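These notes are about the structure you will find just below.
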Amino acid sequence: MLNIMSTELKDKHLVLLVDDTPDNLKMLSNALDDAGYDVLVATDGHAALARLDYVTPDIVLLDAMMPGIDGFETCRRMKADHRAAHIPIVFMTGLTETQHVVRGFQAGGIDYVTKPLDTDVVLARLNAHLRSHRLMNVALDAIDAVHTAVIALNEAGHAIWKTARARQWLHTYFGFDTQAAGLPHALQHWISEALRHTEIDRIAPYTQPGVDRQLVMHLARRPHSTPGELTLLIEEQPLPIDPRHRLTEQYRLTARETDVLLWLAKGKTNRDIGEILGMAPRTVNKHLEHIFVKLGVETRAAATALTLKHVHHA
């Protein structure tokens, strides 16, 4: 019996209820408690934001019209806080005109219920959004488990959510706070400019070099999503190796020998190479003798073939 109760308690959802009207708070608190929710109450926007310092609710039920900062501003501030950016927010409002409904969604709300409140409707909406949110979290956990880096963007190109690997790479390559909302300035600028001037399927990847590896990012439309929503797919790849470095390291060539060999591979004669590099043709020939020995070849054609193989591989 004790194990069953522990499981039930663990599975209970915490609702942050924000309303400045005592009667609404009492009615909703009782209904939520009877439905098996844990309830945390705040009577204004500042108090609701302060609750985030010590607890993270599963969902927020937020009054749109309150003294001080209203529900719309409270919602915007919650969405800007990394601790609450992922939490679904449902507005309670008597303002049903289109502009007010749109304002709530623009602030970051996921749904709204109208006053006077019907507790059965409120509970049904909360349950539906919690179920969807739980499925989304399962999907994100699955993505993180296979170490895929993905950032979902809205139609304006701003980040909606990031996988754990994406947050980690943004920190490693850009020095970006892993818990911060948004994107690094350089990356956000690239996305904004790309969306302004280019079709999605023609946007060239964004590359961010690191110490010995690089991030390569591709913009794509999100399948089965709201029109305009995008996905930023991120891959970590080895940095391209300079063929000069590859040749120099593998065959112990000097910098001058590498220069001679690369021009040889472009079909230049000894005289051409001498004029390009500022040396006598006889000096070029001397360098080639050393190069052939180090490469283990006997002819210009063989040296050229080996060089081109390294260049193309790089």
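The values are calculated or read from the model by the stated rules, or taken from the named source; none is laboratory data. For clarity, every value in this text was computed on a predicted model and none was experimentally measured. No Cβ is skipped: glycine too gets one built from the backbone with ideal geometry, and neighbour counts run over all protein chains shown. Heavy atoms of the whole protein, side chains included, go into the accessibility calculation; ligands, DNA and RNA do not. Shrake-Rupley method; radii C 1.70, N 1.55, O 1.52, S 1.80 Å.
Sort through Leu126, Leu135, Leu130 and tell me the only one that's in contact (Cβ under 8 Å) with a residue 60 or more places away in the chain, surrounded by fewer than 17 Cβ atoms within 10 Å (Cβ to Cβ) and within 32 Å of the chain's Cα centre (by Cα).
Working: Leu126 fails: surrounded by fewer than 17 Cβ atoms within 10 Å (Cβ to Cβ); Leu135 fails: in contact (Cβ under 8 Å) with a residue 60 or more places away in the chain.
From the options Leu126, Leu135, Leu130, the qualifying one is Leu130.
Identify, please: which residue in the stretch 71-107 is of a type in the set (Gly, Ala, Ser) and open to solvent by 10 Å² or more (accessible area, probe 1.4 Å) and is, among those, nearest to the chain's Cα centre (by Cα)?
Ala85
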Pairs, please: C-beta under 8 Å, at least 6 apart or cross-chain, first residue assigned to a loop (DSSP other than H, G, I, E, B) and surrounded by 16 or more Cβ atoms within 10 Å (Cβ to Cβ) and in the stretch 237-266, second of a type in the set (Lys, Arg) and modelled with pLDDT of 85 or more? Leu253/Lys294
Can you spot a residue in the stretch 282-299 that is in a helix (DSSP H, G or I), surrounded by 13 or more Cβ atoms within 10 Å (Cβ to Cβ) and at pLDDT below 90? no
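Just to be sure I understand, how many residues within the stretch 200-228 are in a loop (DSSP other than H, G, I, E, B) and modelled with pLDDT of 75 or more? Please lay out each step first, then the result.
Our first condition is that a residue be in a loop (DSSP other than H, G, I, E, B); within the stretch 200-228, this holds for 203-205, 210-212, 222-228.
Among the residues that remain, those that are also modelled with pLDDT of 75 or more are: 203-205, 210-212.
Adding up the residues that qualify gives 6.
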From Asp53, Asp33, grab the single residue that is more than 30 Å from Asp177 (Cα to Cα) and either free of Cβ contacts under 8 Å to residues at least 12 places away in the same chain or assigned to a loop (DSSP other than H, G, I, E, B) (or both). Asp33
The stretch 193-218, residues that are open to solvent by less than 70 Å² (accessible area, probe 1.4 Å), under 21 Å from Glu236 (Cα atoms) and either touching a helix residue (DSSP H, G or I) at 6+ places or on another chain (Cβ under 7 Å) or among the β-branched types (Val, Ile, Thr) (or both): Ile203, Tyr206, Thr207, Gln208, Gly210, Leu215, Val216
Which members of the stretch 32-51 meet the condition of being of a type in the set (A, V, I, L, M, F, W, C) and open to solvent by less than 10 Å² (accessible area, probe 1.4 Å)? Leu32, Ala42, Ala48
Gly45 fails exactly one of the following numbered conditions: (1) under 29 Å from Trp161 (Cβ atoms); (2) modelled with pLDDT under 90. What is the number of that condition? (2)
When you go through (1) over 16 Å from His129 (Cβ atoms); (2) at pLDDT 90 or above; (3) among the small types (Gly, Ala, Ser) one by one for Ala35, which number turns out not to apply? (1)
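Any idea how many residues of the stretch 173-187 are at pLDDT 90 or above and either assigned to a helix (DSSP H, G or I) or open to solvent by 30 Å² or more (accessible area, probe 1.4 Å) (or both)? Show your work before the answer.
Taking the stretch 173-187 first, the residues at pLDDT 90 or above are 173-176, 183-187.
The next check asks that each one be either assigned to a helix (DSSP H, G or I) or open to solvent by 30 Å² or more (accessible area, probe 1.4 Å) (or both); those that pass are 173-176, 185-187.
So the answer is 7.
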